[in-house]
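The values are calculated or read from the model by the stated rules, or taken from the named source; none is laboratory data. The shown structure was predicted, so the numbers you read here are calculated from the model rather than taken from an experiment. Because the Cβ atoms are built from the backbone with ideal geometry, glycine has one as well, and the counts that use them run over all protein chains shown. When the accessible area is computed, the model is the full protein with side chains, heavy atoms only, and any ligands, DNA or RNA have been set aside. Shrake-Rupley method; radii C 1.70, N 1.55, O 1.52, S 1.80 Å.
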Amino acid sequence: MQILPSIIKNIVFVFVGVLLFACTEQKETQKTEIDHPKDATENVWRQDKVTIAGNALGTSFTIKTSEDSLLTNAHEIDSIFSHFNSELSTYIPSSLISRFNDSDTVLDLNKTDYFKECFELSHQIYRITDGAFDPTVYPLVSLWGFFKSIDIIPSDNEIDSVLAFVGMKENTLYTYEYGILKKIDPRLKLVFNAIAKGQSVDVLANFLESKGHQNYYIEVGGEIRVKGMNSQNEAWKIGIDEPVESNTGLGGDEERVLENIIKITDKGIATSGNYRDYYELNGVKYSHTINPVTGKPIRREILSATVVAPTTAMADGFATAFMVMGVENTLALIQNHPEMEIEAYLLYQNGDKIARAYSPGMKKYLVEE
């Protein structure tokens, strides 16, 4: 564990820690003059021959290749996001997950394109992290006012009553067999905000590869996947923000302060951070990441967790869990589960300073150790 070195600036690709259990207003990508005005929808547009950008899943996104041209168009990308939302968005009343949450439903996940993979990966991460990652946390998120504002902090009794139907308690809250998900307790509700953006990146990556692309950069709301090389024929460079509230990034990349840079390829990357994502009630700041075990917002030991994994969905889910678990438990988990092929870079409060800790395998990606 080391205290921060001098700050590193001026890097091309930068990503921001993203709210994971609850959705806040995100800064949208502004539509600028484009080379192909006909290759655009309301939310998606081609910026140039190698880049498509836009707004989706409540945030902005960028897809680019270092090859001669991007072999897709705005309409195809918009369609992918639309279909993804139709299954997994809790903000669309007609989506598959919303219909499941709103009724005592039996759901055949074998007939879904994204839900089954999301649910099964969520269960795997839930098990490995001893419940630090939990997609059944929806009632707690609602209780704490992350879907609508509240005037009074929930009491311990209210929290305990909700915790009774939170947790992936198979044969108590639900059953899952042969791809069939069935509620036992109708109060069970799912939310995949802590993993869905990452999964959408993987969906886009698979789509680009089906088109023949071997070199690409995909970013959705700060969750990233890269493959091959960038336009300088080097591994892609990703910036890790310094985790302080003043480092909003709203002034653009020129005003963003980086704590470090990683050079990486053929991986998914995600960052979870609470230094920007909180709300204030009666003078007290509450983190937007809920500890599913205690039912309360987490303490701010870890300021940001950047995770590298084989897929962005994995990186996304584990980054959320690590914010809950803390530094020591995170590093122990990575050491005890080499089969997961995950690495983490953690920034945390150490007295009046910010310190860093990272798993041994992360070292090979760092520009500055």
*Over the stretch 129-227, with every protein chain in place, what whole percent of the accessible area is carbon and sulfur at 1.4 Å, could you tell me?*
47
*Based on the mean of other Cβ atoms within 10 Å per residue, sort peptides 313-325, 168-180, 223-235, 128-140 so the most packed one is first.*
313-325, 128-140, 223-235, 168-180
*Going 7 Å from the Cα of His337 in the Cα-to-Cβ direction, what parts of the stretch 161-182 have a backbone nitrogen less than 11 Å from that spot?*
none
_Nearest-0.05 FRET efficiency for Asp160 and Thr265, computed from C-beta distance (R0 56 Å)_ = 0.75
_Antiparallel DSSP beta bridges within the stretch 141-238, percent to nearest 5_ = 90
*What residues from the stretch 102-125 fall in the zone where the backbone N is under 19 Å from a label point 7 Å along the Cα-to-C-beta line of Glu177?*
105-111, 120
*Stretch His123-Thr41 to full length: gain in nm at 0.36 nm per residue minus the Cα-Cα span?*
26.0 nm
*Accessible area in square angstrom per residue, the stretch 91-154, 1.4 angstrom probe*: 47
